[in-house]
Amino acid sequence: MSRRLVLALFAAALAASGGAQAGDVRTGQAAHPRRGADYARYLAALDAAAAGRRDEARKGLEALAAADPASSDVQLSLSQVCLEGGELDCAEKSARRAVDLAPDSSASHAALADVALARWRASRGPADLETALGELQLAADRAPRDPAVTAGLIRVLGEAGRLDDAERAATKFLDAQGADQALVRLTLARTFLAKGAIERAIGALAAVDAHGRGAATVLETLADLQGSRGDQAGRAVALERLRRIKPDDADVAHRLGVARLEAGDFLGAEEPLRAAVAGRPDDPLVQRDLARVLVRLGRGAEALPVLRGLPRIYWAPHTLLLWAQAAEQGGAPAEAAEKLETLYEAFGAEDRANFGAALLVRAAGDRARAGDHAGALRLLEKAPADDPDAFKLRVAELTALGRGGEAQELLAARRKARPGDAAAAALAALAADKPADGADAALSALAGADDRAQAVAQTAALLAAWDKPQVGAALLDRAGAAGGAERPELLRLRAEVYFAAGRSAEAETAFRRLLSAAPNDAGTLNDLGWLLTSEGRSLSEAIDLLRRAVQIKPSQPQYLDSLGWALHRAGRSSEALPLLQQAARLSAERGEAEIREHLGDVYQALGDPSRARAEWTAALAIGSGDADRLRRKLAAAPQP
């Protein structure tokens, strides 16, 4: 028992003592001299105890107890001093005397429980534990609306591993009319956490009265717990409730905006982040997070002034990539290229090996869109020689500069150095006017390939990736299935090309053959499920296949998107929403127009046209989707 609590109990006893003392104060008469002297001696004893002079405190309290044997408050204080000194027999004797004097006092039973707990922690004897719990229960029964008493009971039950009993004690207290929830809910949650029961801890906090005393602390803890387990949607709900209590708190608004952003609710994140910027206008981190949301919404032009104002110390790699996205969306490709180049230069050897080629191709593409073809070529010189996208863009940029002869020489040199090179063959196919002619040109270029089947499949896959799936399918038709083309790794490429070309029957046959050979291959499960979903048939089978893919790779945004879209097409849009939000969040940095379009369609189906428009606008800004279809959707959607 703390000194503060002892003083409070003593003051309460004085206030409740009635009789002459209370009357004396009201009538202006002097208090009884002996009572005033006892009070001074009592305070002196407490001061000695607080200063660590326990012997002095004990002697003083024993003298007071002898002078006033009917004072339970003195016995409580004496019990506490003895307990702190490790004198358990003295502590227990005084606590029992306090109980005898005041059997209905919650504090007296709590003091006796403290002694039993000290014995239990020393011996771990079950009898001491039961004594402590019994006294704590009596204390709780005598103070049914005192949260501190019930919190103490919960803590001991939790320490003993009796979580169900702890929860029942909390429920009994919370059912008492007018009881303050916060301390008891926090204590119960921390008790659960100490035993690793995080879900029960969250449940204990989630039901708090959002307007009661201490609710802010409960909601802060709940938000932190939800965030620690990666549930950003749950964290956002807790922070929304907290913001209703603290509507002008910029930090709460910032955290809410980030939680919604991380949960994939990009439109919902904008308002609290703007409020956070208004409350903390000089905080670069808040400004950066607002820019993140604007870019996710496809409004990079609005984000650019915010990013340009960031101090250079905040130009971290992810901020540079965000800046490049904003510049691309805002019609500033040269600025985008500059930021991508800065990011590339900041890369270490490992990052350059993993991401360097894609980054250089993207930066070169931005240079080309800005009309700086020489700058694009300069960047492409740094790209790996075997990267097909870099090679394709390099040929295009030489041609754009009027150096077509050099482009042809580059092609010829590559064919000579790499007989059967897929990139050179695909470029030869692109030069033809008709798919069949392109297929013949590719076959001719692949004549010297050591592994013809592999070269054909890779060339066809490149053509599909370069928006020429019909030419790729024609190439597969011309080459036939001979020469090992049914090998699993090549069969997959063929299936993907046929599907991209709209020849779903041939693609489905190949996917099912692959699935039969490897039933737990996540890529095949996703591809076959996506094919069935796209055709709008066998949706139950598609959902089953896609669930299996997500279980195997739960952080793959394309798989989450496929499953979400299948559920939406099956009329289960509410189930689809969190999957698509997660897919959008995971793919946000590179941008996936199709995922954002799907998310917009689900919002529209759920009756949220504002969010639908926001997602379609973002998909259009990303630029890799069907622009005409997106414009039609935006034109048909209700205006905000």
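The values are calculated or read from the model by the stated rules, or taken from the named source; none is laboratory data. Note that the structure is a prediction, hence the values are computed from the model and not measured. Cβ placement follows ideal geometry from the backbone for every residue including glycine, while neighbour counts extend to all protein chains displayed. All accessible areas refer to the heavy atoms of the entire protein, side chains included, with ligands and DNA or RNA removed. Shrake-Rupley method; radii C 1.70, N 1.55, O 1.52, S 1.80 Å.
List of remarks:
- Applying 1/(1 + (r/R0)^6) with r as the Cβ-Cβ distance of ARG547 and ARG274 and R0 = 30 angstrom yields a FRET efficiency of 0.20.
- Computed from label points 7 Å out along Cα-Cβ, the spacing between ALA517 and ARG537 is 2.5 nm.
- Gyration tensor (alpha-carbon) shape descriptor, the range 243-307, a/c threshold 1.5: oblate
- Computed per residue of the chain from DSSP H runs no shorter than four, each worth -39500 (n - 2.57), the mean residue ellipticity at 222 nm is -24000 deg cm²/dmol.
- Dipole of the chain, positive direction: furthest Cα of ALA50, ALA566, LEU136, with charges on the beta-carbon: ALA50
- Dimensionless Rg over Rh [the chain; C-alpha; Kirkwood]: 1.19
- Cα gyration tensor shape of the range 579-640, rounded if a/c is under 1.5, else prolate or oblate by comparing a/b with b/c: oblate
- Cα-projected label distance for SER574 with ALA400, points at 7 Å along beta-carbon direction, nm: 5.0
- The chain: angle of helix 504-517 to the longest principal axis, Cα-based, in degrees nearest 10: 60
- The chain: angle of helix 72-84 to the longest principal axis, Cα-based, in degrees nearest 10: 60
- Lys/Arg +1, Asp/Glu -1 at C-beta; the chain dipole; positive extreme among SER538, SER106, ALA334: SER106
- The mean sequence distance of close C-alpha pairs (under 8 Å, at least 6 residues apart), as a share of the length of the chain, puts its relative contact order at 5 percent.
- Solvent-accessible surface ranking, highest first, for GLU397, GLU345 at 1.4 angstrom: GLU345, GLU397
- Taking every C-alpha pair closer than 8 Å and separated by at least 6 residues, the mean separation divided by the residue count of the range 99-235 gives a relative contact order of 16 percent.
- HN-Hα J in Hz across the range 247-261 - Karplus 6.51, -1.76, 1.60, θ = phi - 60°, x for Gly and Pro: x, 9, 8, 5, 5, 4, 4, 4, 5, 5, x, 5, 4, 5, 4
- Test item: Cα-centred dipole of the chain, Lys/Arg +1 and Asp/Glu -1 on Cβ, debye: 380
- Rounded Å value of the spacing that divides the Cα centres of the range 580-640 and the range 447-501: 32
- Angstrom value of the Kirkwood radius, inverse mean 1/r, which spans all Cα pairs in the range 320-436: 15.0
- All distinct Cα pairs of the range 529-623 go into the 1/r average, and the inverse of that average, the Kirkwood radius, is 13.0 Å.
- Pairs of alpha carbons in the range 430-509 separated by more than 20 Å make up 20% of all such pairs.
- Enclosed volume per residue, in Å³, of the convex hull spanned by Cα atoms of the range 559-598: 48
- In degrees, nearest ten, helix 33-50 long axis to first principal axis of the chain (Cα): 40
- For the listed residue pairs LYS416/LYS468; LYS195/LYS553; LYS382/LYS553, the alpha carbons are over 32 angstrom apart in LYS382/LYS553.
- Given +1 at the Cβ of Lys and Arg, -1 at the Cβ of Asp and Glu and no other charges, the dipole of the range 370-501 around its Cα centre is 120 debye to the nearest 20.
- Protection proxy ranking, highest mean first, for peptides 130-137, 216-223: 216-223, 130-137, where packing is the per-residue count of other beta-carbon atoms within 10 Å, averaged.
- Backbone geometry of the range 566-576 corresponds, through the Karplus equation with coefficients 6.51, -1.76 and 1.60 at θ = phi - 60°, to 3J(HN,Hα) couplings of 5, 5, 4, 5, 8, x, 10, 5, 5, 6, 6 Hz, x marking Gly and Pro.
- Size of the range 380-514 as Cα extents on the principal axes (Å, biggest first): 47, 28, 27
- Leading residue at positive end of dipole, the chain (Cβ point charges), from ALA473, LEU174, ALA303: LEU174
- Alpha-carbon centroid distance for the pair the range 77-102 / the range 312-378, whole angstrom: 74
- For the range 141-293: rounded, prolate or oblate by the Cα gyration tensor [a/c cutoff 1.5]: prolate
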